[in-house]
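Okay, structure first, notes after.
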């Protein structure tokens, strides 16, 4: 190491810490509000609007084959037509009622998405045949039918939650061993902040735009958590490294030096990670759109919290 | 210098090996990318068994494997997942409903003799059954013919007057939901009749366990198919005893599959002395060719030791899959191209080196996917893209440190060395925390999450290698040439401390 004089950071994050806290606190409150509003909304009844993966049921996606512009299809008419349909019953069970079927018409009538109760493949084929008769011809090769039993959605949710909690605990343990308890606590706080805000945005999206969360959303939350910890660790690593050199400076100044030194890296890294994600949002398949949106939000927030939240809180907790 | 060249040779050799691996082992794509159906089955504990043990799961898998092979589905795979689940993958444009039907049934075949003194009840039920079945078959044929745009087949009309149907239903105590069609009512009637027929049989003496082979043959008269059965020695003896006990008595032999009476046969008085010997029998059920084949497959596969339940079906049309893979690929590549431009603009010579190192990184990653093999699905691709982000981050961390050292007025070679060694601890911590999450996700997560964890973990391990080895040795090799050892290839001149360079 060089024996440079004490560095004077160009940018002092601790001078703006009140602003940073208020901003993050407001974002967290808004997110919580969104989650609570979702929960008390009788139509949703959960902190986030659960998609097919969690509720169970059958989703059928169909592409219509039209040479020119597609003839208009009324979602309501199609819905009523499907509701009148009776599907063959499975042995020992009554045939599911299709009254609750929901039809969405997308891409100027080119594609149709049907949400139905749990159907077996035979029953789903009956529904597809009905749509074929009503709005055909369809492109057989572009049909996608997903059926998820309710037990599986439950398993998925439990599996994701448990693995998330276990990985949090393991990461906290690792940081405690490598650094310090306070660092571990702050890293987890940051992680909670990032995950909360990402969930909050999707709660509001669910409330206002009817966006549902699927199992890919669970994957994106896990990713955001991992990214958030990595980002925070880099700043903490810098603070620890400078402890001996900057021993004479008060802790807030040490934090400023570390944040200033890692600021370029933090911004560049989020930029380089966000580039492929933004590309996925604009050019990626429809299946990955909301996944990329969730990751983009989470990574942007994660980058912010590693600069503005974790380091500025450090002097507060380390003083004791 | 010699050491750098050694590393460089190793990296080159690895790159060639990776390219060779990719050329000879194709990447395996998940069904969400290439299209196809995925069926998830839950094995249910039944009777005395309260939890599914690994042996039982294996036994169920064996039976299902035989059944699927019998169906003649191309390239299907059946895997066990977790403690009590099986996943069947059917690639391409194949209808999952037939597979679902064949997989889901227990195929418990029983041969049961009719209880004495029930002849009258039985003949009444069977008459009703034949009548309802005939009407139902004709209705189905007609609607199928109509759906295919042909005129209805010209067969003599059979009919079950609505009033008679309603009376039969009522006498059997079947509640008919309001507004159900004639076909629905016929189906309800048949189900109830079958249940009552089965009640008239003695408990089973002979089951499908004693079966050694099953086949099918076209009926000599008529267009239907028969399913033929061959028993083992003990089964043959039991079958002879069973047929002897009812021969000539007017009582029937019931063939019951999964609690459904599929065939009722009478045994003529000529078999009174010894029963039907020879260890074989046939089920005359007027099956269609496809039904006979499915039944044969189920019987040959044996009965399932435990019942299974279909809990998930995912079908992605092949063109939808192709669309997904194409657009995701375009997105990933354009994003990465932007990252490459960014790195070269911001970091100059080392930026260029890192682009080479990151291309190698992507190549190694894909080669490992092909080698293990990892089936690439959408979450897997997401894990791959994220791990590229982490790999870029490692390079950014190193180069920022190198720049700092240069700004502090250090020599080029020393700055590079210090930059690498100072960045190491944060890179290591970031990667280890990532790997910890991967381990937790892999151990506890479900299918989708697992695929993501695997690709991310491979990516993290490789990125440790490429960032610390590839980037470093290529950079060192280049700076061993004096022409390239210029600080301005690393940092704009105005950022240098006065007097340096």
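Worth a mention:
- The sole residue among B:102, B:63, B:73, B:52 that is over 18 Å from the mean Cα position of the chain (by Cα), closer than 29 Å to residue B:211 by Cβ and at pLDDT below 80 is B:52.
- The lone criterion from (1) touching a residue at least 24 places away in the same chain (Cβ under 8 Å); (2) surrounded by fewer than 14 Cβ atoms within 10 Å (Cβ to Cβ) left unmet by residue B:220 is number (1).
- Here residue B:216 fits the description: assigned by TED's automatic domain parsing to the domain that holds residue B:201 and closer than 30 Å to residue B:290 by Cα.
- Residue-level check: of (1) surrounded by 18 or more Cβ atoms within 10 Å (Cβ to Cβ); (2) over 20 Å from residue A:263 (Cβ atoms); (3) in contact (Cβ under 8 Å) with a residue 60 or more places away in the chain, residue B:409 misses just (1).
- Within segment B:452-468, not a single residue is over 22 Å from residue A:230 (Cα atoms), assigned to a helix (DSSP H, G or I) and either in contact (Cβ under 8 Å) with a residue 24 or more places away in the chain or out of contact with any strand residue (DSSP E or B) (no Cβ under 8 Å at 6 or more places or on another chain) (or both).
- Count of segment A:232-256 residues which are buried (at least 21 other Cβ atoms within 10 Å of the Cβ) and either more than 8 Å from every other protein chain (Cβ to nearest Cβ) or touching a strand residue (DSSP E or B) at 6+ places or on another chain (Cβ under 9 Å) (or both): 7
- The set of residues in segment B:1-11 that are modelled with pLDDT of 85 or more and closer than 11 Å to residue B:477 by Cβ comprises B:9, B:11.
- Selected residue (only one of B:372, B:311, B:385 is closer than 27 Å to residue A:270 by Cα and either within 9 Å of chain A (Cβ to nearest Cβ) or modelled with pLDDT of 80 or more (or both)): B:385
- Evaluation of residue B:280 against (1) in contact with a strand residue (DSSP E or B) (Cβ under 8 Å, 6 or more places away or on another chain); (2) buried (at least 17 other Cβ atoms within 10 Å of the Cβ); (3) at pLDDT 75 or above; (4) more than 20 Å from residue B:62 (Cα to Cα) (one fails), failing number: (2)
- Subset of segment A:260-286 [in contact (Cβ under 8 Å) with a residue 24 or more places away in the chain and either farther than 14 Å from residue A:307 by Cα or not in a helix (DSSP H, G or I) (or both)]: A:273, A:274
- Number of positions in segment B:51-64 that are part of a helix (DSSP H, G or I) and surrounded by fewer than 16 Cβ atoms within 10 Å (Cβ to Cβ): 4
- Residues that are within 14 Å of chain B (Cβ to nearest Cβ), assigned to a helix (DSSP H, G or I), within 25 Å of residue B:316 (Cα to Cα) and in contact with a strand residue (DSSP E or B) (Cβ under 6 Å, 6 or more places away or on another chain) do not occur anywhere in segment A:103-113.
- Sole residue being touching a helix residue (DSSP H, G or I) at 6+ places or on another chain (Cβ under 8 Å), within 21 Å of residue A:291 (Cα to Cα) and at pLDDT 90 or above, chosen from A:198, A:147: A:198
- Residues that are more than 7 Å from chain A (Cβ to nearest Cβ) and assigned to a loop (DSSP other than H, G, I, E, B), drawn from segment B:388-416: B:409, B:411
- Test: residue B:452 is touching a helix residue (DSSP H, G or I) at 6+ places or on another chain (Cβ under 7 Å), within 7 Å of chain A (Cβ to nearest Cβ) and within 19 Å of residue B:384 (Cα to Cα): yes
- Evaluation of residue A:164 against the conditions (1) crowded, with 20+ Cβ neighbours inside 10 Å; (2) over 30 Å from residue A:314 (Cβ atoms); (3) more than 7 Å from chain B (Cβ to nearest Cβ) shows that the sole unmet condition is (2).
- Subset of segment B:429-442 that is surrounded by fewer than 24 Cβ atoms within 10 Å (Cβ to Cβ) and at the interface with another protein chain (Cβ under 7 Å from one of its Cβ atoms) - its residue that is nearest to residue A:155 (Cα to Cα): B:440
- Residue check for residue A:139: within 14 Å of chain B (Cβ to nearest Cβ), free of Cβ contacts under 8 Å to residues at least 60 places away in the same chain, surrounded by 16 or more Cβ atoms within 10 Å (Cβ to Cβ) and more than 17 Å from the chain's Cα centre (by Cα): no
- Qualifying residue in segment A:39-52 (condition: away from chain B (no Cβ under 14 Å), assigned to a helix (DSSP H, G or I) and at pLDDT 80 or above): yes
The values are calculated or read from the model by the stated rules, or taken from the named source; none is laboratory data. Keep in mind the model is a prediction, meaning the values are calculated, not measured. Virtual Cβ from ideal backbone geometry, glycine too; neighbours counted across all protein chains shown.
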